[in-house]
1. Just one of the numbered conditions (1) modelled with pLDDT of 95 or more; (2) among the aliphatic types (A, V, I, L, M); (3) surrounded by fewer than 17 Cβ atoms within 10 Å (Cβ to Cβ) is not true of C:ALA288; which one?
2. Give the residues of the range A:170-211 that are without any contact (Cβ under 8 Å) to a residue 12 or more places away in the chain and either under 18 Å from A:THR90 (Cβ atoms) or surrounded by fewer than 22 Cβ atoms within 10 Å (Cβ to Cβ) (or both), sorted by residue number.
3. Would you say C:LEU464 is at pLDDT 95 or above and within 30 Å of C:ILE106 (Cβ to Cβ)?
4. Somewhere in the range C:478-501, is a residue in contact with a Cys (Cβ under 8 Å, 6 or more places away or on another chain) and either of a type outside the set (Phe, Trp, Tyr) or farther than 30 Å from C:VAL387 by Cα (or both)?
5. Does C:GLY424 satisfy the criteria of being out of contact with any Gly (no Cβ under 8 Å at 6 or more places or on another chain), at positive phi and not charged (D, E, K, R)?
6. Can you report the number of residues in the range B:48-95 which are assigned to a loop (DSSP other than H, G, I, E, B), at the interface with chain A (Cβ under 7 Å from one of its Cβ atoms) and among the basic types (Lys, Arg)?
7. Identify the residue in the range B:1-26 that is at pLDDT below 95 and loosely packed, with under 12 Cβ neighbours inside 10 Å and, among all such residues, is farthest from the other protein chains (Cβ to nearest Cβ).
8. What is the number of the single condition among (1) under 26 Å from C:ILE234 (Cβ atoms); (2) more than 9 Å from every other protein chain (Cβ to nearest Cβ); (3) more than 19 Å from the chain's Cα centre (by Cα) that A:LEU95 does not meet?
Amino acid sequence: MPDTHVHRAHHFQDLGKQVHAERLGMWLFLGTEVLLFAGLFVGYSFYRTLYPHAFAEASHHLDTPFGTLETFDLITSSLAMALGIHFTRTGRRRLSVAAVALTILMGLAFLGMHSVEYRHEYLEGMLPGQYYHFAELPLAGASLFFTMYFLMTGLHSLHVIAGVGVLTYLCVRTYRGAYSPAYQTPLELGGLYWHLVDMIWIFLYPLLYLI
Amino acid sequence: MASATETHVSSPLRLLLVWVALCALTVLTFGLHHVALGGYALPAALVIAVVKSALVALVFMELWEHRGANRLVFAVSVLFVLLLMSLAIADVLTRFPLATPTGIPTFPAP
Amino acid sequence: MSQSAVVSRRAGKNYLNVETSVKSWLLTRDHKRIGLMFLVLNVGALFVGGVFALLLRFEHLSPGPTIMDAITYNRLFTLHGVVMVWLFMIPAIPSAFGNFLVPLMIGAEDVAFPRLNLASVYLYVAGALIALWGMFHGGADTGWTFYTPYSSMTPTKVVPILIGVFIIGFSTIVTGINFIVTIHTLRAKGLTWMRMPLFVWAIYGTSIIQVLATPVLGLVLLLIALEHSLGLGIFDAARGGDPVLFQHLFWFYSHPAVYIMVLPAMGVVSEVIACFARKNPFGYKAIAYSSLGIAFVGFFTWGHHMFVSGQSTFDAGAFAVLSMLVGVFTAIKVFNWVATLYKGSIQFRTPFAYICGFLYFIVFGGMTGVAVATVSLDVHWHDTYFVVAHFHFIMVGATLMAFLAALHYWFPKMFGKMYNEGWGLVSAVLIILGFNATFIPQFWLGNFGMPRRYYNYPERFQWLHVASTAGSTLLFFGFMIILIYLFIALRFGRRAEWNPWGSRGFEWRTATPPPTHNFDQAPVFTHGPHEYHEPHEVDLA
């Protein structure tokens, strides 16, 4: 049975306080991520209010089936992550590694699908800012839509990449037995980050693809 | 409050049920997109997104079991996003029409 | 007060001399060493920003070119703003004094995440170096506010400065997260929220603002960098964008940012007044809650920077009313501080001299703030020297005075040495007088119509500019004197007593300077934070 004292840092009074502190720290960080995306959501709302028609038209040119698939993909990856933590808590290390690995694979699948989307948009000329040359939709609001689309999904994808990196590290650590029913907080914190990435997409999907 | 080390072991069934709910809500929001809801389309989509996020936050992220401080942090972050959004949108909605980038009124005249 | 936390008074190893290798400093996890490193870096930044300010003031001695051309002038006021805001004002009290004191005040061994704390130093240094590099290689001329469309079009190099500030933003966020978690989870036994020192309440409020506001800054800097380098056109009217959106996003951070600067200063004031009036703070709960009030309500007021930018009159009115509201919390504090002084037993030492300056400056700076929050008046004063004088009253007059008060009050605790009190008082007087001489003329200048950020001006404004520059020279001399006697104190000063001020703050219960681990045994708190009960309970070495 792993010794819980091994995990406790000396300046915390007990392991319970340390775990609470780690979780609170992570939630605060997630709060900062929410505020980071906030600016983009505000910009989106601002311009959608000004150009409702152009936004709706532009949205029709996005690949909605792909977007929907990506949504299912991320939701399922969240389930896999939650299961991964559950398995570590119940001492089933191998299942936990498998679940986290599945999460990573689904994250990569998301990125793959999104790259296909980006490529299609690039070929059509539906690009941000001054690079916009989509002849079918010359409205100013459409160019802004695609700018916001690339900024929001781009920032989100960067966070998916970071999440994949973090989860890979945690997966390896889980495989090496670093976590146990007594202490698995780092894995939990990685999961929290991944779920937030999923949550952001839950909002991006209807706002971008389903106008 | 229970000690943080007494981690609540969430049953896999609960997690699966939430996943089913999330998938169902995704189907719903996709389906509603094809129904002409007019002005209600955006609020409907947002409500569904909020419900989905709440499920992820409360069950997958275990906010339901965590201590109050964590819930407060998340709630306050979301509230402040709404604060920024509401006053920025209010600006655009209440400007003198020729001061908007398009020159088109964004608020129906009384 | 606590019974068992007192550390042996024998001169022995303290946090400064326990290990003296460079590596032990560069890799330290001791919050006191980290606080000290921030203090040194911040004072350096203050010096650099101050030199820029002095150059600007010398340029304004006469209309037209005096010592530089117009482009250099534009670059210098941008540099002055960027260095002062992000390299000094935002980190100064929280990262230097907050880091040093908060664990001591709550009876903890360190902050919650010591390694993150060290990372915050390196993030600050990296960001500062990148920003400074950008400044000296073609630096920006947009002003520290980077308004579009000019920041998208300017031929100067904004992107390195934007990146530098973005990185410093991470330092701020990390500091904020660390303090919030520390205060929630590392308070020693018996230290309930309502027994915490008011400085800790102030740091807590500040940390909330840091965590909520800074990410929005990060995003908006990123957007400007992309706009500038890739022509994204998010704020470009030609592409259907709106420059006012930039201002909404920018000021949503930058107004709360000024509360990041001033709130810790208010915490310092509470501590110093309690000590030198030898009295409990009057209205402890009011002061504590008003710290949270400022932290939250400060977020509701950003549009008062945009009264003439083109936002709707509805929004302008809303922001004006909300800006009046936030002034109430500062007023609550000022009345409680004054009530603390009433019938107190005042010891007029250098820290207290700065607090006197603070009280005067915050009242006048705050009242002029309410004045510019009035939309109809701001139409006349916006972008004039009136606004410049207003915010310098708060930032320099109030916040910097509190920083100097903190520096002098906790100097013996941090270094174990005492400075020369006479010179301390002399420089305090010089600084307060110099400040008045610098900035009161600027209220007049602004009211007469002198715009800010203007290189040239009509002859009839010259006498006020000369007066302001004379004042700034006096201010500069005051600072130089402080640097000199503090440096002398560090090298040759007499050893400080354990508790030279006879303060009842809990941080004075450790040795002076404290050992690395702060307390020999985990303290147990049994009393409130500033209780002056039995005189004999006050430890005086």
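The values are calculated or read from the model by the stated rules, or taken from the named source; none is laboratory data. Remember, predicted model here, so these are calculated numbers, not experimental data. So basically every Cβ, Gly included, is an ideal-geometry build from the backbone, and we count neighbours across all protein chains shown.
1. If we test C:ALA288 against (1) modelled with pLDDT of 95 or more; (2) among the aliphatic types (A, V, I, L, M); (3) surrounded by fewer than 17 Cβ atoms within 10 Å (Cβ to Cβ), just (3) comes out false.
2. A:VAL172, A:ARG176, A:ALA178 - these are the residues of the range A:170-211 that are without any contact (Cβ under 8 Å) to a residue 12 or more places away in the chain and either under 18 Å from A:THR90 (Cβ atoms) or surrounded by fewer than 22 Cβ atoms within 10 Å (Cβ to Cβ) (or both).
3. Considered against the rule, which asks whether it is at pLDDT 95 or above and within 30 Å of C:ILE106 (Cβ to Cβ), C:LEU464 comes out as no.
4. Scanning the range C:478-501 turns up at least one residue that is in contact with a Cys (Cβ under 8 Å, 6 or more places away or on another chain) and either of a type outside the set (Phe, Trp, Tyr) or farther than 30 Å from C:VAL387 by Cα (or both).
5. Judged against the criteria, C:GLY424 is not a match.
6. Summing the residues that are assigned to a loop (DSSP other than H, G, I, E, B), at the interface with chain A (Cβ under 7 Å from one of its Cβ atoms) and among the basic types (Lys, Arg) in the range B:48-95 gives 1.
7. Out of the qualifying residues, it is B:LEU13.
8. (1)
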